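> Dropping the structure in here first, questions after.
The values are calculated or read from the model by the stated rules, or taken from the named source; none is laboratory data. Bear in mind that the values here come from a model prediction, so they are computed numbers and not experimental data. Backbone-built Cβ (ideal geometry, glycine too); neighbour counts: all protein chains shown. In case anyone asks, the SASA skips ligands and DNA or RNA and just uses the protein heavy atoms, side chains included. Shrake-Rupley method; radii C 1.70, N 1.55, O 1.52, S 1.80 Å.
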Amino acid sequence: MPKMTMVQALNLALRQEMEKDDSVIVLGEDVGVDGGVFRVTDGLIDEFGERRVVDTPLAESAIAGMSIGMAVYGLKPVCEMQFDGFSYYAMHQLEAHAARLRWRSQGRYHVPMVLRAPYGGGVRALEHHSESREAFWAHMPGIKMVIPSGPRNARALLVSAIRDPDPVIFYEPKAVYRAFREEVPEEEETFPIGKSQRVREGQDLTLISYGAMMRPTLEAAEDLQTKHGIEADVIDLLTISPLDDSLLVESARRTGRVAVVHEAPRSFGPGAEVVARLVEKAFFHLEAPVARVTGYDVIIPLFNRERFYLPGVPRIIDAARKLLAA
């Protein structure tokens, strides 16, 4: 089984789906000749041609609008926003049309489109290049919000997103794009949208995270075990909406102590919804208030102060030890 970076795994998913299904179209700024700003679509235009790999103008609302039209007429567009901070210009198209069309048409029309966007900090980027605004999309009924954390689940989830009958926002953690490699099978592999995954077993406390923050969360879990003898149960959300809370609730009922880790701002972030679900479904099993280790309620700083904003291993370990001391 070959080892791949997330960029290579995403490219594999796109290539294989385009080979199997002529209705899959890739479009966006510089996705063709240049292979995408992070080279996720590298080589696709050479293999499938400019009618299926479309370089668009720098106009995010138009990219989303074209994708909606393509989807309604039977294609499966996978559009790319160069950075998630540019996708706000497409919000009207997605909220007013993509998210509502199945409801508006009473099921007659579907919008099987995927909007891919690199998100998050940690790569010394400029303003509007490092946001983590997944809560915007997760709050929209009719939109599915997916965030992989590694090469293998990125490939499997992107395949599932392309095949899904509804619009999917697919955030790719740019800090993970080339950070490490994983074994990724060359044969077809999918992972269901709307399912979370346990990635480490433990009985002392529960750590919940997703996307780029899974790496520091797992590092913190390893340190907790080797240095403090604390076994953490670690859960990767993978899909923010629809949120699968079954694993979260089962784990919280068993460990009694939970911390949620994400780089999005704290207030009204995905962690707040996780806390609400646990209070609703596991309140009497909790031994301490659920902790949140998150970004701050400010615009993410530029690169010289970015490291102070992003949750890291020390902050996660500190939260875990406070939970166990409660």
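> For segment 229-303, what is the charge dipole size about the Cα centre, in debye to the nearest 20, if Lys and Arg each add +1 at the Cβ and Asp and Glu each add -1 at the Cβ?
Numbers: 7 positive and 11 negative charges, 39 e Å.
With Lys and Arg at +1 and Asp and Glu at -1, about 180 debye.
> So if I restrict to the alpha-carbon atoms in segment 1-69, what is the Rg, and what is Dmax, the biggest pairwise distance, in Å?
12.2, 40
> Then there is this: Apply the Karplus curve 6.51 cos²θ - 1.76 cosθ + 1.60, θ = phi - 60°, to the phi angles in segment 240-246 and return the couplings in whole Hz, x for Gly and Pro.
Along segment 240-246, the couplings run 7, 8, x, 7, 8, 9, 5 Hz.
> Tell me, what % of the accessible area of segment 140-242 is carbon and sulfur with a 1.4 angstrom probe? Can you show the working numbers first?
Numbers: 1520 of 3500 Å².
Its accessible area is 43 percent carbon and sulfur atoms.
> Just from its helices, what would the mean residue ellipticity at 222 nm be for the chain, if runs of 4 or more DSSP H residues each count -39500 (n - 2.57) and the sum is divided by every residue, rounded to the nearest 500 deg cm²/dmol?
-10000 deg cm²/dmol
> Which value, in Å², gives the accessible area per residue of segment 54-98 when a 1.4 Å probe is used on the protein heavy atoms?
On the way: 1830 Å² over 45 residues.
Counting only protein heavy atoms, the per-residue value for segment 54-98 is 41 Å².
> So, one more: Size of the dipole of the chain about the Cα centre, Lys and Arg at +1 and Asp and Glu at -1 on the beta carbon, nothing else charged, in debye to 20? Each step should come with its number before you reach the end.
On the way: 38 positive and 46 negative charges, 167 e Å.
That gives the chain a dipole magnitude of about 800 debye.
> So who's got an amide H within less than 5 Å of the one on Val293, skipping anything under 5 residues away but keeping other chains? H placed 1.01 Å off N, in plane.
Answer set, sorted by chain and number: Val260, Val261, His262.
> Given a 1.4 Å probe, how much area per residue of segment 225-300 is accessible, in Å²?
Values: 3310 Å² over 76 residues.
For segment 225-300, the per-residue accessible area is 44 Å².
> Now for a separate question. In nanometres, what is the gap between the two model label sites at Tyr88 and Tyr109, each 7 Å from Cα along Cα-to-Cβ?
2.8 nm
> Around Phe48, what is the net charge, scoring Lys/Arg as +1 and Asp/Glu as -1 over all other residues with Cβ under 10 Å from its Cβ? Intermediate values should be presented prior to the final figure.
Working: positive: Arg15, Arg51, Arg52; negative: Glu19, Asp22, Asp46, Glu47, Glu50.
Cβ neighbours under 10 Å give a net charge of -2.
> Based on the mean of other Cβ atoms within 10 Å per residue, sort peptides 204-210, 234-240 so the most packed one is first.
Details: 204-210: 27.6, 234-240: 25.3.
Highest mean packing first, the order is 204-210, 234-240.
> Also, I was wondering about something else. Multiply the residue gap between Gln197 and Val279 by 0.36 nm, knock off their C-alpha separation, and tell me the result in nm, one decimal place.
Values: separation 82, 0.36 × 82 = 29.52 nm, distance 2.04 nm.
Gain on stretching Gln197 to Val279: 27.5 nm.
> Then there's this: Could you compute how much accessible surface Ile230 exposes when probed at 1.4 Å, giving the result in Å² to the nearest 10?
Surface accessible to solvent at Ile230 totals approximately 20 Å².
> Using the crude model of +1 on Lys and Arg Cβ and -1 on Asp and Glu Cβ, and no other charge, please compute the dipole size for segment 49-149 relative to its Cα centre, in debye to 20. Please list the in-between numbers first.
Values: 11 positive and 9 negative charges, 113 e Å.
Charge dipole of segment 49-149: 540 debye, to the nearest 20.
> Next up: Please report the antiparallel percentage of DSSP beta bridges with both residues in the chain, rounded to the nearest 5. Present the calculation step by step, with values, prior to reporting the outcome.
Values: 7 of 39 bridges.
Close to 20 percent.
> Name the residue from Ser67, Ser87, Ala99 whose Cα lies farthest towards the positive end of the charge dipole of segment 6-105, charges +1 on Cβ of Lys and Arg and -1 on Cβ of Asp and Glu.
Ala99
> Stokes-Einstein at 4 °C, 1.567 mPa s, Kirkwood radius from Cα pairs: D for segment 148-279 in µm² s⁻¹? Each step should come with its number before you reach the end.
Details: Rh = 15.5 Å.
Calculated translational D: 84 µm²/s.
> Here's a follow-up. Which listed residue (Ala161, Ala319, Leu247) has the Cα farthest towards the positive end of the charge dipole for the chain, taking +1 on Lys and Arg C-beta and -1 on Asp and Glu C-beta about the Cα centre?
My answer, from the dipole projection, is Ala319.
> Hey, another quick one. With respect to the cross-link table entries Lys20/Lys76; Lys3/Lys144; Lys3/Lys174; Lys195/Lys281; Lys3/Lys227, which display a Cα-Cα separation exceeding 20 Å?
Lys3/Lys144; Lys3/Lys227
> May I ask for the Rg/Rh ratio of segment 1-140, computed from Cα atoms with Rh as the Kirkwood radius, given to two decimals? The partial results should precede the final answer.
Details: Rg = 15.2 Å, Rh = 15.7 Å.
Looking at segment 1-140, the ratio lands at 0.97.
> Counting only protein heavy atoms, what percent of the accessible surface of segment 1-128 is carbon or sulfur at a 1.4 Å probe? Numbers along the way, then the final one.
Details: 3090 of 5900 Å².
After summing per-atom areas, the C and S share lands at 52 percent.
> Shifting gears a bit: Ignoring ligands, DNA and RNA, what accessible area per residue does segment 131-218 give at 1.4 Å, in Å²? Intermediate results must be reported in sequence, preceding the final value.
Details: 3060 Å² over 88 residues.
Ligands and nucleic acids excluded, the result is 35 Å² per residue.
> Right, next: Rounded, prolate or oblate, given the Cα gyration tensor of segment 152-197, with a/c below 1.5 counting as rounded? Could you put the intermediate results ahead of the total?
On the way: a/c = 2.02, a/b = 1.33, b/c = 1.51.
Because a/c hits 1.5 or more and a/b fails to exceed b/c, segment 152-197 counts as oblate.
> Among Pro301, Gly269, Leu14, flag the residue with its Cα farthest along the positive direction of the charge dipole of the chain, charges on Cβ as +1 for Lys/Arg and -1 for Asp/Glu.
Gly269
> Specify whether the C-alpha gyration tensor of segment 105-184 places it in the rounded, prolate or oblate class, a ≥ b ≥ c being the square roots of the eigenvalues: rounded for a/c under 1.5, otherwise prolate if a/b is larger than b/c and oblate if not. Write down the numbers at each step before the final one.
Details: a/c = 3.22, a/b = 1.48, b/c = 2.18.
Here segment 105-184 falls in the oblate category.
> Next up: Once label points are set 7 Å from the Cα along Cα→Cβ at both Asn304 and Glu222, what is their separation, rounded to one decimal in nm?
3.3 nm
> Can you compute 3J(HN,Hα) from phi for each residue in segment 26-33, using the Karplus curve 6.51 cos²θ - 1.76 cosθ + 1.60 with θ = phi - 60°, rounded to whole Hz and x for Gly and Pro?
Residue by residue, segment 26-33 yields 10, 8, x, 6, 6, 6, x, 4 Hz.
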